[in-house]
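The values are calculated or read from the model by the stated rules, or taken from the named source; none is laboratory data. All values reported here derive from a predicted model rather than from experimental measurement. Counting neighbours? That spans all protein chains shown, and the Cβs are built from the backbone with ideal geometry, glycine included.
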Amino acid sequence: MSPSILIIGCGALAQELAQLRRLNGWSQVTLRCLPPALHNRPERIAPALRTAIEAGRREFEHIFVAYADCGSGGAIDRLLGEYGIERLPGAHCYEFYAGSEAFAGLAEAEPGTFYLTDFLVRHFDRLVRRGLGLDRHPELLVQYFGNYRRLVYLSQADDPALEERARTQAGYLGLDYQKHACGLGPLNRAVTERMIRWPN
C-alpha cells in the first residue's frame, strides 16, 4: 500500500498542483493550500506552515511543502529543518515553474525582469494594480517599476486569452513583453523527484 502524503502548498499554486495530482494519478496525495495573500506578508508564511504541519503530522506518513523561500528570508527552511521536511527548490515560484537552468538564463539575459505566472495574470488587478495602490496613485508606477525593462510571462497553460492579458499588463507597466512557455513539466519534476524517494 502506498504511503499517505500531504502536500502543503501555496494557494497561488493550487490549480497546477491539483492538475499534477490528477495527471499523475496520485491517489495517495492530499493537497492543502494556504492563502496566496500570505505573499504580501512573507513573515507570516512560516508560522502558517507550522500550524499546517502540526495538524498534518497526525494524519500523514509524509509531508512535502510546495513553497519556495518566497521572501521569508530563510524562515521556511529553518522551520522545515526542524521537521526534516523538503520543499520546492529555489527562491521563488518563478524558478521552479521555469526550471532552475532556464530561469537563470532569463535572469542573466535581463536582470531587470518582472515575472508573471498564470495566477498572477489572472489576479493582476488585485495583487499589482490595487495591491500596490497604483489605481489610486498612478505616479507610483515609475517608482515601483522604473528599474525594470522587461516582463516575462511564465505560462503554465496554453491560453491565448491569458497571453493577451499578460501582453496588456506589460503595456500598462511600460515594459517589453516576452512569453516563456513552461507548461507543468518543471514543476512536475520538482515535486516527483522528491516524492519518489519515499518507499511505496
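Might you check whether a residue that is outside any loop (DSSP other than H, G, I, E, B), surrounded by fewer than 18 Cβ atoms within 10 Å (Cβ to Cβ) and β-branched (Val, Ile, Thr) occurs anywhere in region 22-40? Yes, the conditions are met somewhere in region 22-40.
Going through (1) closer than 24 Å to ALA68 by Cα; (2) at pLDDT 95 or above one by one, LEU187 falls short only on (2).
Going through (1) within 19 Å of the chain's Cα centre (by Cα); (2) outside any strand (DSSP E or B) one by one, ILE8 falls short only on (2). Within region 148-163, the presence of at least one residue that is at pLDDT below 95, among the small types (Gly, Ala, Ser) and outside the structural domain of ASN40 (by TED's automatic domain parsing) is confirmed. The set of residues in region 24-45 that are of a type outside the set (Gly, Ala, Ser) and within 14 Å of ILE7 (Cβ to Cβ) comprises ASN24, TRP26, GLN28, VAL29, THR30, LEU31, ARG32, CYS33, LEU34.
Within region 16-31, the set of residues being at negative phi, out of contact with any strand residue (DSSP E or B) (no Cβ under 8 Å at 6 or more places or on another chain) and free of Cβ contacts under 8 Å to residues at least 60 places away in the same chain comprises ARG22, SER27.
Where in region 87-200 are there helices (runs of 4 or more DSSP H), lying fully within it, with 2 or more residues that are buried (at least 18 other Cβ atoms within 10 Å of the Cβ)? Helices (runs of 4 or more DSSP H) meeting the threshold: 93-98, 100-109, 118-122, 160-173, 185-195. Identify, please: which residue in region 46-73 is modelled with pLDDT under 95 and exposed (fewer than 13 other Cβ atoms within 10 Å of the Cβ) and is, among those, nearest to SER4 (Cα to Cα)? Per the stated criteria, the residue is GLU59.
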